[in-house]
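Take a look at the structure below.
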Amino acid sequence: MAAGYGVAGPMVELIGARATIAWTSLGILALALLWIGPALHDRRVLAADRCEAVGLALPELAPHTQRKLAKLVPDFGALANPVDVTAQLFNRPGRAFGEVCSIVAADPAVDMLLVLLTMVTGDAATDLAEDLAQTMRSARVPCSVVWLAGLDQTAAARDILAAAGIPVFA
C-alpha cells in the first residue's frame, strides 16, 4: 500500500481471469480503463500498473476516439487510457457516461472495458448503472466494474449491473 491506498491484487486478477476466459483467442487482452472519482492521478497510475502487471495491456486510444471523448470529458480529465471522465461529467445534461463508454468500447484497440468507480452512490449510482447496462447491451466488448463505495450505498446499482451480466468487484 502506498500513500494510504492501494489496488488489491486479487481484484485485478479476478478481472484478468474473467477477461482471459472470455477472450482466450485474442492473446494479450487490451483493456480500456475508465476512472470516475476524485482526480487522484496516483490511483489511476496504480490501477493501470497493476493491470499491466497481470498481463492486461492498456493501449492508447485512437486519435479519433480521443477527439470524440474530448467533446464530453472536461479539459482536466484524461483521454488516452486510462480515461478519467471526472465527476464533472455528471453535471452535464442527459447521461453522458454511457456515451463515453460507447465511444471507448468502439475503439479498435479495446478488447474489454473496466470501469473503476469511487464514491458514486445513491441516485447517481443507479442512473450510472442503468446508463452503463443499456450501453453495454450493444457494445462489441465485455465490461466489468470495480466499485469502491460500500455495498449499502450502491446495492440497487449493483443489482442493475448484475441483471445486465456486468460483474462488479469491490
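Here are the numbers for this structure:
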quantity	calculated
Computed over region 58-106, Kirkwood Rh from alpha-carbon pairs, angstrom	10.8
For Phe169, distant residues with modelled amide H under 5 Å away	Val145, Val146, Trp147
Accessible-area composition of region 60-170, carbon plus sulfur, in percent [1.4 Å probe]	52
For region 52-167, fraction of C-alpha pairs farther apart than 18 Å, in %	49
Net dipole in debye of region 65-170 [+1 Lys, Arg Cβ; -1 Asp, Glu Cβ; about Cα centre; nearest 20]	320
In Hz, Karplus ³J(HN,Hα) per residue of region 80-92 (6.51, -1.76, 1.60; θ = phi - 60°; x = Gly, Pro)	6, 1, x, 8, 10, 7, 6, 5, 4, 4, 7, 8, 7
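The values are calculated or read from the model by the stated rules, or taken from the named source; none is laboratory data. Predicted model, so just to flag it, every value in this text is computed and none were measured. As a convention, Cβ positions derive from the backbone with ideal geometry for all residues, glycine included, and neighbour counts pool all protein chains shown. Calculation scope for accessible area: heavy atoms of the full protein, side chains included, ligands and nucleic acids excluded. Shrake-Rupley method; radii C 1.70, N 1.55, O 1.52, S 1.80 Å.
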